[in-house]
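The next block holds one structure in the form of structure tokens; read it before the comments.
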Amino acid sequence: MRVLFTTSEAYPLIKTGGLADVSGALPAALKKLEVDIKILIPGYPSVLKKVDQQRSLGLIQVFANVYCELIIGFMPYTEVEVIIIKNDALYDREGSPYVTALGEDWPDNPLRFAVLSKVASLLCEVNSPLNWMPDVVQCNDWQTGLTPYYLHLANNSQVKTVFGIHNLAFQGNCHPDWAYELELNTADYQIAGYEYYGHLSFLKAGVFYADQISTVSPNYAQEIQSPMFGFGMDGLLKTRSADITGIINGIDLDEWNPDNDPYLSTSYNVQDLSGKATLKAELQQKLGLTVDASIPMLGVVSRLTYQKGLDLLIEAMPEVIALGCQVAVLGSGDKGFEDAFTAYALAHPTQVSVSIGYIEPLSHLIMAGVDVFIMPSRFEPCGLNQLYGLRYGTPPIVSNTGGLADSICNTTTQTLANHTATGFVINSVTKLSLLGSIQQALSLWQDKKTWQALQKNGMNQEVGWENSANAYLALYEKTLKAN
Ligand code: ADP
Ligand code: GLC
């Protein structure tokens, strides 16, 4: 089985969120299953810096006036090959792959990601510079949404496509006039095509033209077929219901391992959790909070956006502070959220800490050091942080949606008794519900024996990629057979 895995971010080359974690780990897990897999990614500066053993494959013409150099190499410390699309006019920009320093989309994003989509389709041609034709292209999110369409335009039905949805909220919609520069057939600017409410939509093209659709949890696979979670695509998704497969994300068990984490000064594991207390004290000290093991500590590592429901925590801060909790927030995103958390940190410097930015080492220390992880998302296709929480003995409080509902078992007398409890599931995305779960967690935390049992249930849960990689392989096999 040959798979081309096309993505706009992949850890450790470049990362803005969970898509990068998946793109870093899933190809490696598929490789272990003997899948012949290669990643395709734009040549941002950090990608060109980090890919090992680079070798040029020469120039390729993508559009009438766009040429790119293809470079092949390896993901750092792995045997997974990466193909880099080098075009400095499009990708030689520091910072986020999607937005300017001011947080605005790069105005040429349609071209930048149409190039990514088109190159994937060109690599499916017999005489491509790669000389390796995939059986299946695994696309990921809107940035790769035009690949199935370009294959359709090229009449290439030999190579099959699976369009992977990590987040329906990001759709890559742009003015229909882009169709000319991106060399689309304007006759397909229609409902049965890439048109979406007066826009050219990359996501819609992916959903419409792909042979199969994957998404990152079974629950989200159902949710996106309803108006509440479908972001306007639910009608189309419903018509494709039989072709949608939800596969829960795994995590990289080497990258996220409290027993061997280079970002932590000490280690711990399910047999001996004592190192976690040391790390909590270190975290408190590092953040300027009162160093005291008896103070319960809540943690957040997240994009600070409406999706993540962190406005509920902001609203609940007066009560949380009154309850005597410490709160450690790491994130960046909406200015309003950043400012609101920062105001609490300034007013309560020994109790609340806010770090604005993207800081990988601190994200590991927070995951290890805090007692409870907070993730009250309004929608969450899968979510990875709750899985990191499980692995780090940090029970999460999550909302009852998407992959959160699929991966976290609420704590009740019954689930404690049968050892399935792993966290706390709020039943509605409201401040009261969140506060209720925080209070429940705090009272359980006082009972050290029960709390440790809860931590260990989570630490023992299977959260690696093995099962899910097998499910992707089965999906690829089904895709090839079906068509
Ligand atoms: P999403 O992809 O929607 O942002 P996920 O939970 O799937 O949510 O993945 C988020 C990933 O990004 C996790 O690996 C998390 O640790 C990381 N992350 C988010 N914000 C930060 C930050 N400010 N600093 C470091 N890592 C972060
Ligand atoms: C998206 C989703 C997140 C998911 C990640 C990786 O960013 O918001 O829930 O875990 O993709 O699939």
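The values are calculated or read from the model by the stated rules, or taken from the named source; none is laboratory data. For clarity, every value in this text was computed on a predicted model and none was experimentally measured. FYI the Cβ positions are ideal-geometry reconstructions off the backbone, even for glycines, and counts take in every protein chain you see. Protein only, heavy atoms only, side chains kept; ligands, DNA and RNA dropped before computing areas. Shrake-Rupley method; radii C 1.70, N 1.55, O 1.52, S 1.80 Å.
Can you say whether Ala192 is away from ligand 1 (no atom under 16 Å from the Cβ), among the small types (Gly, Ala, Ser) and either open to solvent by 40 Å² or more (accessible area, probe 1.4 Å) or in contact with a strand residue (DSSP E or B) (Cβ under 6 Å, 6 or more places away or on another chain) (or both), as far as the supplied structure shows? The answer is yes for Ala192.
Picking from residues in segment 52-76 that are of a type in the set (Phe, Trp, Tyr) and touching a strand residue (DSSP E or B) at 6+ places or on another chain (Cβ under 8 Å), the one that is nearest to Pro12 (Cα to Cα) is Phe74.
Going residue by residue through segment 411-419, is there one that turns out to be in contact with a Cys (Cβ under 9 Å, 6 or more places away or on another chain), at pLDDT 95 or above and surrounded by 17 or more Cβ atoms within 10 Å (Cβ to Cβ)? Within segment 411-419 (the criterion being in contact with a Cys (Cβ under 9 Å, 6 or more places away or on another chain), at pLDDT 95 or above and surrounded by 17 or more Cβ atoms within 10 Å (Cβ to Cβ)), the answer is no, since none of the residues qualifies. Can you say whether Gly331 is touching a helix residue (DSSP H, G or I) at 6+ places or on another chain (Cβ under 9 Å), closer than 23 Å to Phe231 by Cβ and not in a helix (DSSP H, G or I), as far as the supplied structure shows? Judged against the criteria, Gly331 is a match.
Residues are listed down the side, and each one gets a yes or a no for (1) surrounded by 18 or more Cβ atoms within 10 Å (Cβ to Cβ); (2) touching a helix residue (DSSP H, G or I) at 6+ places or on another chain (Cβ under 7 Å):
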residue	(1), (2)
Ile426	yes, yes
Ala441	yes, no
Ala469	yes, yes
Lys478	no, no
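Considering only residues in segment 298-317 that are in a helix (DSSP H, G or I) and over 12 Å from Ala340 (Cβ atoms), the one that is nearest to ligand 2 (Cβ to nearest atom) turns out to be Gln307.
Filtered by the rule that a residue be assigned to a helix (DSSP H, G or I) and under 16 Å from Gly58 (Cα atoms), segment 117-145 gives Val119, Ala120, Leu122. For segment 158-209, taking the residues that are among the aliphatic types (A, V, I, L, M) and part of a loop (DSSP other than H, G, I, E, B), the one that is nearest to Arg303 (Cα to Cα) is identified as Ala169. What number of residues within segment 327-352 are open to solvent by 10 Å² or more (accessible area, probe 1.4 Å) and not acidic (Asp, Glu)? The number of residues fulfilling the criteria is 16. Exactly one condition in (1) open to solvent by 10 Å² or more (accessible area, probe 1.4 Å); (2) in a loop (DSSP other than H, G, I, E, B); (3) within 16 Å of ligand 1 (Cβ to nearest atom) is not met by Glu34; state its number. That leaves (3) as the condition not met. On inspection, Tyr388 does not qualify as surrounded by fewer than 22 Cβ atoms within 10 Å (Cβ to Cβ) and within 16 Å of ligand 2 (Cβ to nearest atom). Among the residues of segment 103-146, the one identified as over 26 Å from the mean Cα position of the chain (by Cα) and β-branched (Val, Ile, Thr) is Val126. Annotation note: of Gly95, Gly18, the sole residue that is within 16 Å of ligand 1 (Cβ to nearest atom), under 28 Å from Gly331 (Cβ atoms), open to solvent by 20 Å² or more (accessible area, probe 1.4 Å) and touching a Cys at 6+ places or on another chain (Cβ under 8 Å) is Gly18. Check segment 258-277 and report whether any residue there is in contact with a Gly (Cβ under 7 Å, 6 or more places away or on another chain) and open to solvent by 40 Å² or more (accessible area, probe 1.4 Å). Scanning segment 258-277 turns up at least one residue that is in contact with a Gly (Cβ under 7 Å, 6 or more places away or on another chain) and open to solvent by 40 Å² or more (accessible area, probe 1.4 Å). For segment 159-174, enumerate the residues that are closer than 14 Å to Tyr472 by Cα, hydrophobic (A, V, I, L, M, F, W, C) and either away from ligand 1 (no atom under 16 Å from the Cβ) or at pLDDT below 95 (or both). Within segment 159-174, Val162, Phe163 meet the criteria.
Among residues of segment 360-382 that are open to solvent by less than 10 Å² (accessible area, probe 1.4 Å), those with a beta-carbon under 6 Å from a residue that is of a type in the set (Asp, Glu) at least six positions away or on a different chain give the pairs His364/Asp261.
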